[in-house]
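Since every read-out is calculated from the coordinates, none of them should be taken as a lab result. The model shown is predicted, which means the values in this text are computed figures rather than measured ones. Virtual Cβ from ideal backbone geometry, glycine too; neighbours counted across all protein chains shown.
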Amino acid sequence: MIPQSHFLILSAIIFCIGLFGALTRRNAIGILMSIELMINAANINLVTFNKFLGSPDGLGQVFALFEIALAAAACVVGLTLVISIYRNAKTIFIDKINLMKW
Amino acid sequence: MLNSLIQQLNNSGLPLNSFAQLSFYFIAGLTCLFAFLVVASRNVFHSAVFLALTLLSVSGIYLLLDAQFLAVVQIIIYVGAIMILFVFCIMLTSRISDKAIRQVNQQVLFSLTLALIFLAIFYILIIKSPWLSSGAEIEPLSLKELGRSLFSKYVLPFEVISLVLLAVMVGAIAIGKARKE
């Protein structure tokens, strides 16, 4: 039996790696990838609690399912924005995109 | 799926616990390694490939957590759909083989410190917390029960998700459409 805390520590590690990537990447697509990593870490947490606390209707798994769908939606909108920005500004490095900065 | 495999291995003499633990630590190590490579690799296309491998390893973790349906959904949606989208976006936008361009900004040291502080806080919290456990062995949720709860108790959020997907579809077309000047 693998203890619950090991799954939680694994998800904490993945979350922190994603946080580091989201803060340091210059490439907008790289930032979106790091955000996907963080979302996956949250999903691992949900499924872990569902397994170890037990829910008769599987709330954790259902919630993780919804989160996968929402992550896909967020990803589609984000990548469309990246394409649109690239079309206008000819770059996807976010420190070059200062259109909305004063 | 994996459970029957574990059972077979158990019958063949290997102790069940050690096999499950071994596979968990192996998959967890792979996941951390690939996640690190996503963040660390210079080429964005390599990051995308490592992200796909990370997501596959996470679906292995789901299998170990008795969530077979989620593991399959993870592979179909993430590895099948989202990764295709990422790869297309990379090919449509950036010059992938340019070595001279910096891939990270000036905040690397600060971000590394922040991430490590967060990790330390999470670690201490996880280790110190008395996690509730019901003691008795919990039956894994069957696919039938999951589908029933998805279409009876949680049917409203399920329908709202489809509305969100419709809105996203319309929004993506509206934003991504090339404007004629």
Item to complete: Go ahead and run the numbers for FRET between B:Arg102 and B:Ile76, Cβ-Cβ distance against an R0 of 30 Å, rounding to 0.05.
Response: 0.25
Worksheet item: In the stretch A:41-59, which residues have a backbone nitrogen under 17 Å from the label point lying 7 Å from B:Ser152's Cα in the Cα-to-Cβ direction?
Response: A:55-59
Worksheet, complete the sentence: Applied in sequence order to the stretch B:104-114, the curve 6.51 cos²θ - 1.76 cosθ + 1.60 (Karplus, θ = phi - 60°) yields integer Hz couplings, x standing for Gly and Pro, of 10, 8, 7, 9, 4, 5, 4, 5, 4, 4, 4
Worksheet item: How do B:Leu156, A:Leu59, A:Leu19, B:Leu141 rank when sorted from fewest to most other Cβ atoms within 10 Å of their own Cβ?
Response: B:Leu156, A:Leu59, A:Leu19, B:Leu141
Response to the item:
Placing one equal point scatterer on each C-alpha of the stretch A:4-89 and summing with Debye, one gets log10 I(q)/I(0) at q = 0.19, 0.22 Å⁻¹ equal to -0.87, -1.02
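If you count, for each residue, the other Cβ atoms within 10 Å and average over each peptide, how do B:68-74, B:146-152 line up from highest to lowest?
Values: B:68-74: 20.7, B:146-152: 14.4.
The most tightly packed comes first, giving B:68-74, B:146-152.
Just to confirm a number: summing +1 for Lys and Arg and -1 for Asp and Glu over residues other than B:Leu146 whose beta-carbon lies under 14 angstrom from that of B:Leu146, what do you get?
Values: positive: A:Lys51, B:Lys144, B:Arg148, B:Lys153; negative: A:Asp57, B:Asp66, B:Glu139, B:Glu145.
Net charge around B:Leu146: 0.
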Fill in: Label-point separation in nm, A:Lys101 to B:Glu139, each point 7 Å along Cα→Cβ
5.9
Discussion item. For the protein assembly as shown, take every pair of Cα atoms, bin their distances at 10 Å starting from 0, and report each bin as a whole percent.
Written reply: 6, 26, 32, 23, 10, 3, 0, 0
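When you look at the Cβ of every residue in B:19-30, what mean number of other chain Cβ atoms sits within 10 Å?
Whole-number average of other-chain Cβ neighbours for B:19-30 is 2.
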Practice prompt. Pop the C-beta distance of B:Leu22 and B:Lys177 into the FRET formula with R0 = 51 Å and round what comes out to the nearest 0.05.
Written response: 0.50
